Amino acid sequence: MSLLVIGSVAFDAIETPFGKTDKIIGGAATYVSLSASYYKKPVNLVAVVGGDFPTSEIMMLQQHGIDTTGLQIKENEKSFFWAGKYHNDMNSRDTLVTELNVLANFDPIIPESYQDCKYLMLGNLAPKVQSTVINRLKKRPKLIVMDTMNFWMDIAYDDLIETIGMVDVLTINDEEARQLSKEYSLVKAAKKILGMGPKYLIIKKGEHGALLFNKDEVFFAPALPLEEVFDPTGAGDTFAGGFIGYIAKQDDFSFETMKSAIIYGSAMASFCVEKFGTEQITNLSKIAIDQRVKSFIDLVQFEIAI
Ligand code: AMP
């Protein structure tokens, strides 16, 4: 069951209370694909970078089972660049720089070999590009998951609403859910957003876990209490990669499977935040992932006689 991931592949510069990086590799599709690759190979990637993007990093993606046939390299242009700064509580951040560069005119070309796509993850990108990818697939995937952010709510609202209407699952954070729905209560926000088209909504709440809604049901997954949170960049994308990767591996997206997928996604995100950038999620073992998932199970398992 093939998995297609689109999104930014980028340079990031990150500042947290624990340190600062120069340009390191990041981008939504980088985190999503690396995370998904622990469950499903190949991960078919559609993205664009400039001539400044290191070949060694493209090879690193390939070594993780990521097919880069759909990664366009614009030799004479610069890669997307994002810089962000986290505050002391690490739950809020300021975007310092967003330089779209190659993303400004990105025309996502789908290689013929990617056309049998069953699971599509639309990582963070302009909503018009996300909908173009859906329209360019000859057959609609079985499940389309979309991630987005406040940046697109601010500058491309109409396109965003149109694209949200085309997908099955939307993942956003709590702040974005409130902005999109104009409701403070996340339950009311979920009702409104589900009314825009998606059958499922995942609201990510950072260190406070994630909520999965459909019309009739709600599921809550905690985040693992961690001793060290070094850098939350990419946690949402890493979560999405674990979520879609697990679903693609199971080839099933019942509500029960989605609940497990949220736990796997949360486990992957918990690794991501322990080191800067992609450092930790490029070096995981199956044993470490299984142990982490077990920690989630232990955290919430209890019995009450009533
Ligand atoms: P997250 O922390 O999960 O929200 O994702 C952070 C990643 O999103 C970084 O690696 C950035 O390169 C990428 N990013 C930030 N802003 C945008 C944007 N406007 N479009 C696409 N990707 C972005």
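Across the range 269-285, in residue order, what do the Karplus-derived ³J(HN,Hα) couplings come to in whole Hz, using 6.51 cos²θ - 1.76 cosθ + 1.60 with θ = phi - 60° and x for Gly and Pro?
4, 5, 5, 4, 6, 7, 9, 6, x, 8, 3, 6, 7, 8, 9, 9, 10
Within the range 3-300, what percent of beta bridges assigned by DSSP are antiparallel, to the nearest 5?
Antiparallel bridges make up about 35 percent of those DSSP assigns within the range 3-300.
Mind grabbing the base-10 log of I(q)/I(0) for the range 3-300 at q = 0.08, 0.09, 0.15 Å⁻¹? Debye formula, identical points on the C-alpha positions, no solvent, two decimal places.
-0.29, -0.38, -1.19
Give the separation of the Cα centroids, the range 33-56 to the range 270-294, in Å.
Cα centroid of the range 33-56 versus Cα centroid of the range 270-294: 18 Å apart.
Please list 3J(HN,Hα) in residue order for the range 66-78, calculated via the Karplus relation 6.51 cos²θ - 1.76 cosθ + 1.60 where θ = phi - 60°; whole Hz, with x for glycine and proline.
9, 7, 9, 3, x, 8, 7, 10, 8, 3, 9, 10, 9
Across the range 204-221, in residue order, what do the Karplus-derived ³J(HN,Hα) couplings come to in whole Hz, using 6.51 cos²θ - 1.76 cosθ + 1.60 with θ = phi - 60° and x for Gly and Pro?
8, 10, x, 5, 9, x, 8, 10, 10, 10, 10, 4, 10, 10, 9, 9, 10, 10
Out of all DSSP beta bridges with both ends in the range 64-174, state the antiparallel percent to the nearest 5.
Around 45 percent of the beta bridges assigned by DSSP in the range 64-174 are antiparallel ones.
Given axes a ≥ b ≥ c from the Cα gyration tensor, I'd like to know whether the range 74-120 is rounded (a/c under 1.5), prolate (a/b larger than b/c) or oblate.
Oblate.
If you count, for each residue, the other Cβ atoms within 10 Å and average over each peptide, how do 200-212, 258-270, 103-115 line up from highest to lowest?
Order by mean packing, descending: 258-270, 200-212, 103-115.
For the chain, what is the mean residue ellipticity at 222 nm derived from helices alone (per DSSP H run of n ≥ 4: -39500 (n - 2.57); sum divided by total residues; nearest 500 deg cm²/dmol)?
Dividing the helical sum by the residues of the chain leaves -10500 deg cm²/dmol.
Take each of the peptides 70-76, 9-15, average the number of other beta-carbon atoms within 10 Å over its residues, and list them starting from the highest.
Those peptides, ordered most packed to least, come out 9-15, 70-76.
Sorted by packing (mean other beta-carbon atoms within 10 Å per residue), highest first, where do 289-298, 186-195, 32-41, 140-149 land?
Ranking, from highest mean packing down: 32-41, 140-149, 186-195, 289-298.
So what is the relative contact order for the range 3-300, in percent, with contacts set as C-alpha pairs under 8 Å and at least six apart?
Once normalised by length, the contact order is 17 percent.
Readers should treat all values here as calculations from the given coordinates under stated rules, not as data from a laboratory. Quick caveat: nothing in here was measured; it's all calculated off a predicted structure. Cβ sites come from the backbone with ideal geometry, for glycine too, and all protein chains shown count toward neighbours.
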